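Everything below concerns the one structure shown next.
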Amino acid sequence: MQLRSIIVALVATAPLASANVIGIDFGTEFMKVALVQPGSPLEIVTNTVSKRKSETVVAFVRGERLFASDAYGSLSRKPELSYARLTEYLGRSDAHPSIEALRTKAYFPTTTRFNESRGALAIGAPKATTEEYGIDMDEWQPEELVAMVLTYAKDITRAYGGNVVRDCVITVPAGATQIEKEALMAAAELADLRVLSLIEANTAAALQFGLDRKFDEPRKVLFYNAGAESIQASVVEYSTFVEGTKVKNKTVGQFEVLGKGWARGAGGFHVDLALAEKIADEFNAIWAKKKKAKAGDVRELARPMAKIRASAKKTKEVLSANEKIPINIPSLHDDIDFHMMITRKDLEAYASDVLGRAMQPVVDALREADVTVDDLHAVEIIGGGVRVPKIQELLKAFFTEGRTNKSDPLELGLHLNGDEASALGAAFHGANVSTSFRVRKVGMLDYGPYAFGVRMTNDLYAASVAEGGGLMGFFKGGTKKKDSDTKEEAPEDWHKRATLFKAGARLGAKPRTIAFHHDADIVCELAYDDVDKLPEGTPKTVALYNISGIAAFAADMAKQNATGQLPRPKVQLSFTLDASGIASLSKAEVSVVEEYEVDAPPPKVETTTEANATAANATDANATEATTEGEAATDETEGEAKADEPAAEATEAAEAGAANADRKST
């Protein structure tokens, strides 16, 4: 069966238009950018120091704004003027668990607060970081800092390809919530980037894997992605379908995401933090021995802790290829040098809690896909975290033990560039969404992990409700209690609920429409249905809409309803779940449809050949008489049609109502 969403691979043909598209794999530590431009192969963009990936850090030093490796170096020297792990702040409150973890576990000096004017989190900013902009402010919005990094992506792309780029596709982690996605899109808008689509990192890698592969039989592949912040796993099924005409058929490859799982807080950064805690403990012991009463806790000092985190990260990377390594941090603090020998086994022991969560995403993905290890044909590993030997060891053990035939274990595939696969896949997806390229097809079908529902109540601030409710009653499917004193229905108690998209709903599917009879303006709340499945700290409400115009339309119809024959207004709300996984109200309508019966015309009588001959030989007098009678019948028929016209006009007016939907930011 042909899948509904089509992705592409570029072919060497003339472009339809002159335009460039970039795919951005925006991670918590690194950003990779892939460029698609007419007449050239897809390629990874190198930054100003010729590196193929850039740190997602921005720093403000001596009136200069730094990016990539320059900003990362400043993170250790001037941590209070540098901002890292920016995606952790997008779409989150200052009380979110991940924000609290950055303060209490990563010991970042970055301060956060609640900005009342925008109703969201803001990041504290020393005057040294804002004074160059000529604005008296002491905070940054997370979207502003992310926009700066995205602008840097545009700049390096222009320097690399020679053209200005505006269209892009950006990757998001599995399990990203709608508010986080919308914050990322807002940051892209600030950077003057048009987001053609968002795509999950594993789905983008699966696309890159399937570009040049066609499987005659369905083939299931598990993608395991160990990043800096989280671990993600996706089960993908590849197949083919035949497309074309009777003269020429073409086999097209396609894939469908069957299941996905993720574990936030289980990535490589948290392995670094486990080692940083050990280093901090060891230094505190040395500090107390040398300085005694003057000693304290190094965790309370921003600059030494930044040095410790950087050293822990470097040590982890070296231990991926070596059994042991010395840790040397000269003049860590208070003129004390730090030295320590550590082995790979030691690191695994320190990070045992983090590594113990490494396989849970695989278990969740297999369960959602309703498959077992025996059903898998291959495993592909991507992401920087898979270089940790312990993670590879856990993966091999899991897929060997889960296999019925122990002598035929699944090998860990390395057919993709673990750092660049998602960026390349995102760029291919952008080439499909854009109209600037002639492409060959690869089918793609993904789904949303969360369920969405809607709750509607009367708009208590609307005049129609304040004056006592509707004009024609209320929809019986809702709930509307009666006032105990007046025995009248209280409009503020009216509400209605509906499930729009269940967990697992396909992205980019047809809109879902709900219809009900109502005659007052309403407030529509779009929210998650399964709160227990949401990441901790995620608000339930996705969006609020004020839907007005219903009461005015009902009042207008009431004036025309002198006979009482018109039915109550019917409200129709259409919701979409787009290819980016963002649910929204796309259309609101209100209408009154009048139904009436019309007599069917009499059946035509077939004339015989003999009757036709008789009619042909009729006299002129008879023909004139028949013509006169026919004209009289025609006039009578026209009179009946004119009599029905006013009713038809009234029906058209009743069907012409429309509701206005205004969205509130949440």
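The values are calculated or read from the model by the stated rules, or taken from the named source; none is laboratory data. None of the values given here were measured: they were computed from a predicted structure. Every residue, glycine among them, receives a Cβ derived from its backbone with ideal geometry; neighbour counts consider all protein chains shown. The protein model used for the area step is the full one, side chains on, heavy atoms only, and it has no ligands, DNA or RNA in it. Shrake-Rupley method; radii C 1.70, N 1.55, O 1.52, S 1.80 Å.
Taking residues in the stretch 392-419 that are of a type in the set (Lys, Arg), and partners anywhere that are at pLDDT 90 or above and open to solvent by less than 50 Å² (accessible area, probe 1.4 Å), the pairs with Cβ atoms closer than 6 Å and at least 6 places apart or on different chains are 403/373.
Out of the residues in the stretch 92-107 meeting the condition of being in a loop (DSSP other than H, G, I, E, B) and open to solvent by 20 Å² or more (accessible area, probe 1.4 Å), tell me which one is nearest to residue 150 (Cα to Cα). Restricting to residues being in a loop (DSSP other than H, G, I, E, B) and open to solvent by 20 Å² or more (accessible area, probe 1.4 Å), the top hit is 92.
List the residue pairs whose Cβ atoms are under 8 Å apart, where the first residue sits in the stretch 593-605 and is in contact (Cβ under 8 Å) with a residue 40 or more places away in the chain and under 30 Å from residue 554 (Cβ atoms), the second is part of a loop (DSSP other than H, G, I, E, B) and open to solvent by 100 Å² or more (accessible area, probe 1.4 Å), and the two are 6 or more positions apart or on different chains. Taking only residues 6 or more apart or on different chains, the pairs are 594/565. Among the residues of the stretch 28-55, those identified as open to solvent by 10 Å² or more (accessible area, probe 1.4 Å) and out of contact with any Lys or Arg (no Cβ under 9 Å at 6 or more places or on another chain) are 37, 38, 39, 40, 41, 42, 43, 48, 49, 50, 51, 55. Exactly one residue out of 276, 369 is in contact with a Gly (Cβ under 6 Å, 6 or more places away or on another chain) and among the small types (Gly, Ala, Ser): that is 369.
Of the listed requirements (1) out of contact with any Asp or Glu (no Cβ under 6 Å at 6 or more places or on another chain); (2) at pLDDT 95 or above; (3) of a type in the set (D, E, K, R), residue 289 misses just one: (2). Residues in the stretch 56-65 that are within 20 Å of residue 86 (Cα to Cα) and open to solvent by 30 Å² or more (accessible area, probe 1.4 Å): 64, 65.
Kindly indicate whether any position in the stretch 502-510 is at pLDDT 95 or above, out of contact with any Asp or Glu (no Cβ under 6 Å at 6 or more places or on another chain), assigned to a strand (DSSP E or B) and not acidic (Asp, Glu). Within the stretch 502-510, one or more residues are at pLDDT 95 or above, out of contact with any Asp or Glu (no Cβ under 6 Å at 6 or more places or on another chain), assigned to a strand (DSSP E or B) and not acidic (Asp, Glu).
Which residues, taken from the stretch 222-240, are within 14 Å of residue 444 (Cα to Cα) and either open to solvent by 10 Å² or more (accessible area, probe 1.4 Å) or without any contact (Cβ under 8 Å) to a residue 60 or more places away in the chain (or both)? Once the filter is applied, which keeps residues that are within 14 Å of residue 444 (Cα to Cα) and either open to solvent by 10 Å² or more (accessible area, probe 1.4 Å) or without any contact (Cβ under 8 Å) to a residue 60 or more places away in the chain (or both), the stretch 222-240 yields 236, 237, 238, 239, 240.
Cβ-Cβ distances below 9 Å connect the following pairs, each with a first residue in the stretch 436-451 that is in contact (Cβ under 8 Å) with a residue 12 or more places away in the chain, a second residue that is part of a loop (DSSP other than H, G, I, E, B) and of a type in the set (Lys, Arg), and a separation of six or more residues or different chains: 443/4; 445/4; 451/502.
Every listed requirement among (1) among the charged types (D, E, K, R); (2) under 30 Å from residue 198 (Cα atoms); (3) assigned to a loop (DSSP other than H, G, I, E, B) is met by residue 587 save one, (3). Within the stretch 161-186, which residues are part of a helix (DSSP H, G or I) and closer than 24 Å to residue 527 by Cβ? 178, 179, 180, 181, 182, 183, 184, 185, 186, listed by residue number.
Among the residues of the stretch 563-573, which ones are surrounded by fewer than 16 Cβ atoms within 10 Å (Cβ to Cβ) and touching an Asp or Glu at 6+ places or on another chain (Cβ under 9 Å)? Within the stretch 563-573, 565, 567, 572 qualify. Scanning the stretch 472-490 finds no residues that are at pLDDT below 80, small (Gly, Ala, Ser) and buried (at least 22 other Cβ atoms within 10 Å of the Cβ).
Checking the structure you have, find out if any residue of the stretch 535-555 is at pLDDT below 90 and in a loop (DSSP other than H, G, I, E, B). Taking every residue of the stretch 535-555 in turn, none turns out to be at pLDDT below 90 and in a loop (DSSP other than H, G, I, E, B).
Out of all the residues in the stretch 193-211, is one or more among the hydroxyl-bearing types (Ser, Thr, Tyr), in contact with a Pro (Cβ under 9 Å, 6 or more places away or on another chain) and either open to solvent by less than 10 Å² (accessible area, probe 1.4 Å) or assigned to a strand (DSSP E or B) (or both)? Checked the stretch 193-211: no residue is among the hydroxyl-bearing types (Ser, Thr, Tyr), in contact with a Pro (Cβ under 9 Å, 6 or more places away or on another chain) and either open to solvent by less than 10 Å² (accessible area, probe 1.4 Å) or assigned to a strand (DSSP E or B) (or both). Out of the stretch 290-301, which residues are open to solvent by 30 Å² or more (accessible area, probe 1.4 Å) and within 13 Å of residue 107 (Cα to Cα)? Residues satisfying the conditions are 297, 299, 300, 301. Looking at (1) crowded, with 21+ Cβ neighbours inside 10 Å; (2) at pLDDT below 95; (3) under 24 Å from residue 97 (Cα atoms), which one does residue 265 not meet, given that it meets all the others? Of the numbered conditions (1) crowded, with 21+ Cβ neighbours inside 10 Å; (2) at pLDDT below 95; (3) under 24 Å from residue 97 (Cα atoms), the odd one out for residue 265 is (1). For the stretch 438-449, give me each residue that is in a loop (DSSP other than H, G, I, E, B) and open to solvent by 20 Å² or more (accessible area, probe 1.4 Å). 438, 449 - these are the residues of the stretch 438-449 that are in a loop (DSSP other than H, G, I, E, B) and open to solvent by 20 Å² or more (accessible area, probe 1.4 Å). Determine, yes or no, whether residue 560 is open to solvent by 60 Å² or more (accessible area, probe 1.4 Å), modelled with pLDDT under 85 and touching an Asp or Glu at 6+ places or on another chain (Cβ under 9 Å). In short, no.
The condition (being under 28 Å from the mean Cα position of the chain (by Cα) and free of Cβ contacts under 8 Å to residues at least 40 places away in the same chain) is satisfied by just one residue among 102, 90, 86, 66: 102. Scanning for something open to solvent by 10 Å² or more (accessible area, probe 1.4 Å), modelled with pLDDT under 90 and not β-branched (Val, Ile, Thr), does the stretch 66-75 turn up at least one residue? Scanning the stretch 66-75, I find no residue that is open to solvent by 10 Å² or more (accessible area, probe 1.4 Å), modelled with pLDDT under 90 and not β-branched (Val, Ile, Thr), so the answer is no. Of the residues screened, residue 452 is one that is in contact with a strand residue (DSSP E or B) (Cβ under 8 Å, 6 or more places away or on another chain), buried (at least 21 other Cβ atoms within 10 Å of the Cβ), under 30 Å from residue 527 (Cβ atoms) and among the aromatic types (Phe, Trp, Tyr).
If you go through the stretch 268-285 and keep only what is in contact with a strand residue (DSSP E or B) (Cβ under 8 Å, 6 or more places away or on another chain) and open to solvent by less than 20 Å² (accessible area, probe 1.4 Å), you end up with 268, 275, 279, 283.
The single residue among 520, 552 that is open to solvent by less than 50 Å² (accessible area, probe 1.4 Å) and touching a helix residue (DSSP H, G or I) at 6+ places or on another chain (Cβ under 9 Å) turns out to be 520.
Take the conditions (1) under 32 Å from the mean Cα position of the chain (by Cα); (2) over 26 Å from residue 533 (Cα atoms); (3) part of a helix (DSSP H, G or I); residue 400 misses just one of them, which is (1).
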